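Here's the structure, in structure tokens; my notes come after.
The values are calculated or read from the model by the stated rules, or taken from the named source; none is laboratory data. What you see is a predicted model, and the numbers here were worked out from it, not measured in a lab. No Cβ is skipped: glycine too gets one built from the backbone with ideal geometry, and neighbour counts run over all protein chains shown. With ligands, DNA and RNA removed, areas are computed over all heavy atoms of the protein, side chains included. Shrake-Rupley method; radii C 1.70, N 1.55, O 1.52, S 1.80 Å.
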Amino acid sequence: MDISFENEKYCSLKKTYETTIEEGVEAELSLPEYMPEILRILKSQAVPKINSWQTVGERVTVDGTCDLTMIYVGTDNCIYSFTGSRNFTRYAENPAFLTAEDVNVKASVKFINCRATNTKRAEIKAGINIVVSAFSKMEEDILKLMNSSDIEEKKMELSTMSLGCKKSKMFSMSDNFELENNSAAFIVRSTASAVLGEVRKISNKIMVKGETIVEIAFIPHEDKSTIVTVRKNLPINQILEFDGMDERFTGDITLDVTAVDVIIKNDSQGDGSSLDVGVTINAGITMWEQKDLSVITDAYAINGVVDLSYKKMSFYSALDAVRDTYVFRDTIDATKLGAECILDASCEENEPVATCENGAIVISGTIKAMIILKDTSGGYITTEKMLDYRYERSSECGDKKIECSPKVSVSSFECSLKNNEQIDVKAELQINCSVFSETEIDVVSEISELRESEKINNSAITVYFPDCEETLWDIAKRYNTTVESIVLENNLVGETTKDIKMLFIPSGT
């Protein structure tokens, strides 16, 4: 029996390793002479920044900075902030990094505590989680028979996506802008989100256009009982080179802000009339190649016996691509706060989750709203609230098993006080993800000849009475003939035996 075949490559993406490194940071904040004594700590915050990471062999080295900030009310009943920065270097080691297609690093705050040790000193401690992930390209061989005159194959035709490449690259951008109506004395916070615009592929390069929306809250020299928020849009115009990239690939491009640095620049009068802004962004691509595959799910020999080996494989097909701005609204009860006005509002978002429900793609998550207010007596209060959002998009997912890793970033967050009783929240969420349907199949991975064999039945025609559950493939396999022969012999249409009482089974030779 003559059997020859070749293999076609199919590639999928798999997270082969992930570890969480816990890093403790702390600082003794000693206020300079020109800053008033601490009356009350209003708020403390930790901001981890990932400046870079590098993979060498089995080790990933992560370098970063954590800003520890205390916002307090001074003895003059004004607001002040003071920051201490701590650098860190951490390592992750695992054999998965040696062959990883890409490595990704994210940092988040686990906890933060701050207490005043005296009127001019405070102790601040925080725990941060550094998550290091390894992603690998998993290559699978798809069996394809080249000479199969003696072999009958049962095939499934698939239109699927094979991984082209997954890479990431960091870049930095900076700018300086003048403050028009106020001068900055102290920075309260600085946040940024990158919004993707035009994308062009040129050979192994990608040209990315968009903008980075930077939001800075500061205490002005003119009135230290208030907080001023300014926004600055920095244009993104980058050409990034990625090894393994090809123009024919399609897929995801993400922009993650890993660090924001703001420095107050004083003029000749000593006023902070401008701000130097620096932003570090990690650009990640996950690119796929469209492939039409014909996979063998069963086979048998007409004139012999063959041995089949199977393997379970998952194939992914493009189902949807979500690139949307979702406006989320909610309210916070403020009846017990005694608030007069909102001084500052910021938020943190958690990792979103994607599901398929009733024919719709649902992306849900939680936003932590953090608000500083002035009360009716002239004092200051803070409040925090977890807000749940739910985004729905009609899709043809049905009851399919889906694969989706959504990215949600907050490009705008606004809070307004209504009648001193309710805080109205409005957030613009940039939602980006590709949705794939997953098909899991038992695929024939190997066909090997065992021996020649005699026919089960040597007669030219066999009369057969099928069960309603049988297919023509099952019957042809049993009698070592072909489906085509049975169809022609019985003038049939299709491969089911429904409503068929009797079949004539021709010999396979």
- Qualifying position, being closer than 30 Å to LEU343 by Cα, of a type in the set (D, E, K, R) and at pLDDT 95 or above, among LYS418, LYS407, LYS426: LYS426
- Task: Look at LEU240 and say whether it is farther than 30 Å from LEU42 by Cα, open to solvent by less than 30 Å² (accessible area, probe 1.4 Å) and touching a Ser or Thr at 6+ places or on another chain (Cβ under 6 Å).
- Result: no
- Task: List every residue pair whose Cβ atoms lie under 8 Å apart, where the two residues are 6 or more positions apart in sequence or sit on different chains, the first residue falls within the stretch 463-474 and is under 16 Å from GLU152 (Cβ atoms), and the second residue, located anywhere, is in a strand (DSSP E or B) and of a type outside the set (Phe, Trp, Tyr).
- Result: THR471/THR496; LEU472/THR496; TRP473/LYS154; TRP473/ASP298
- Message: Looking at the stretch 166-210 only, could you name the residues that are open to solvent by 70 Å² or more (accessible area, probe 1.4 Å) and assigned to a strand (DSSP E or B)?
- Response: LYS169, SER172, SER174, GLU178, GLU198, ARG200, LYS201, ILE202, LYS205, LYS209
- Any idea which of SER193, SER203 is out of contact with any Cys (no Cβ under 8 Å at 6 or more places or on another chain), closer than 23 Å to ASP67 by Cβ and polar (S, T, N, Q)? SER193
- Only one of (1) in contact (Cβ under 8 Å) with a residue 24 or more places away in the chain; (2) of a type outside the set (Lys, Arg); (3) more than 30 Å from ILE227 (Cα to Cα); (4) surrounded by fewer than 14 Cβ atoms within 10 Å (Cβ to Cβ) fails for ASP76. Which number is that? (3)
- Take the residues in the stretch 68-110 that are assigned to a strand (DSSP E or B) and polar (S, T, N, Q), then tell me which one is farthest from ILE263 (Cα to Cα). ASN104
- Note on the structure: The condition of being surrounded by fewer than 16 Cβ atoms within 10 Å (Cβ to Cβ) and part of a strand (DSSP E or B) holds, among THR286, THR254, THR297, only for THR297
- Kindly establish whether SER437 is among the hydroxyl-bearing types (Ser, Thr, Tyr) and closer than 21 Å to ILE253 by Cβ. no
- How about the stretch 257-278: which of its residues are of a type in the set (A, V, I, L, M) and farther than 15 Å from LEU234 by Cα? ILE263, ILE264
- Query: Filter the stretch 211-229 for residues that are open to solvent by 30 Å² or more (accessible area, probe 1.4 Å) and touching a residue at least 60 places away in the same chain (Cβ under 8 Å); which is nearest to the chain's Cα centre (by Cα)?
  - Reply: THR229
- the stretch 439-459, subset modelled with pLDDT of 90 or more and either in a loop (DSSP other than H, G, I, E, B) or open to solvent by less than 40 Å² (accessible area, probe 1.4 Å) (or both), residue nearest to LEU145 (Cα to Cα): VAL444
- Message: Residue pairs, Cβ under 8 Å, 6 or more apart or interchain, first in the stretch 97-119 and closer than 23 Å to ASP243 by Cα and of a type in the set (Phe, Trp, Tyr), second assigned to a strand (DSSP E or B) and open to solvent by 50 Å² or more (accessible area, probe 1.4 Å). List them.
- Response: PHE97/TYR17; PHE97/THR55; PHE97/ARG59
- Message: Report every pair of residues separated by at least 6 positions or lying on different chains whose Cβ atoms are under 7 Å apart, first residue within the stretch 256-285 and over 28 Å from PRO406 (Cβ atoms) and touching a residue at least 12 places away in the same chain (Cβ under 8 Å), second in a strand (DSSP E or B) and among the aromatic types (Phe, Trp, Tyr).
- Response: SER274/PHE177; LEU275/PHE177
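So that you can scan it fast, the table gives a plain yes or no per residue for (1) farther than 30 Å from ASP292 by Cα; (2) open to solvent by less than 20 Å² (accessible area, probe 1.4 Å); (3) touching a Pro at 6+ places or on another chain (Cβ under 8 Å):
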site: ASN7; (1), (2), (3): no, no, no
site: LEU13; (1), (2), (3): no, no, no
site: LEU31; (1), (2), (3): yes, yes, no
site: VAL47; (1), (2), (3): yes, no, no
site: ILE71; (1), (2), (3): yes, yes, no
- Message: Going through ASP324, ASP307, ASP292, ASP333 one at a time, which residue ends up being open to solvent by 30 Å² or more (accessible area, probe 1.4 Å), at pLDDT 90 or above and within 30 Å of LEU145 (Cα to Cα)?
- Response: ASP292
- Note on the structure: Here the residues within the stretch 79-95 that are farther than 30 Å from ILE227 by Cβ and crowded, with 21+ Cβ neighbours inside 10 Å are ALA92
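Let's see how each residue does on (1) among the aliphatic types (A, V, I, L, M); (2) within 23 Å of the chain's Cα centre (by Cα):
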{"site": "VAL257", "(1), (2)": "yes, yes"}
{"site": "VAL260", "(1), (2)": "yes, yes"}
{"site": "ILE264", "(1), (2)": "yes, no"}
{"site": "ASP267", "(1), (2)": "no, no"}
{"site": "VAL277", "(1), (2)": "yes, no"}
{"site": "ALA301", "(1), (2)": "yes, no"}
{"site": "ASP307", "(1), (2)": "no, no"}
{"site": "TYR310", "(1), (2)": "no, no"}
- Consider LYS232 carefully, then state whether it is without any contact (Cβ under 8 Å) to a residue 60 or more places away in the chain, assigned to a strand (DSSP E or B) and either in contact with a Lys or Arg (Cβ under 8 Å, 6 or more places away or on another chain) or of a type in the set (Lys, Arg) (or both). yes
- Hey, among the residues in the stretch 112-165 that are acidic (Asp, Glu) and assigned to a strand (DSSP E or B), which one's most open to solvent (accessible area, probe 1.4 Å)? GLU157
